[in-house]
Amino acid sequence: MEAINDMHVSQPGLVVVDVAAADDETAFAFHTELAARWATTPVERTTRDAGQPGVRLRCYLDLRQPINASGQVQEPH
């Protein structure tokens, strides 16, 4: 995986999430749950480390932008 740089966490509320899972289905299911709650980057694929079990996935969250029940970013109060 690429290194985390200062831009990824330049402000409070920005989060880098590295997921290690047994398979693609599990990693994508976890990302789907995150994306249902917060603004997050889309993910299209997982990566595999040669000789290691499982898959990895990286996404970026913005905890400052929670998602409402209709899937829209909520406006700050």
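The values are calculated or read from the model by the stated rules, or taken from the named source; none is laboratory data. These numbers come from a predicted model, not from an experiment. Ideal geometry is used to build each Cβ from the backbone, glycine not excepted, and the neighbour counts take in all protein chains shown. Note: accessible area is taken over every heavy atom of the protein model, side chains too, but ligands, DNA and RNA are not part of it. Shrake-Rupley method; radii C 1.70, N 1.55, O 1.52, S 1.80 Å.
Structural remarks
- In segment 24-50, residue most open to solvent (accessible area, probe 1.4 Å) [restricted to those that are in contact with an Asp or Glu (Cβ under 7 Å, 6 or more places away or on another chain) and closer than 18 Å to ILE67 by Cα]: TRP38
- Of all residues in segment 53-77 being modelled with pLDDT of 90 or more and open to solvent by 60 Å² or more (accessible area, probe 1.4 Å), the one that is farthest from the chain's Cα centre (by Cα): PRO53
- Matching residues in segment 17-35 - criterion: being of a type in the set (Val, Ile, Thr) and out of contact with any strand residue (DSSP E or B) (no Cβ under 6 Å at 6 or more places or on another chain): THR26, THR32
- Residue satisfying all of: in segment 10-23; among the small types (Gly, Ala, Ser) and open to solvent by 50 Å² or more (accessible area, probe 1.4 Å); farthest from PRO66 (Cα to Cα) among these: ALA22
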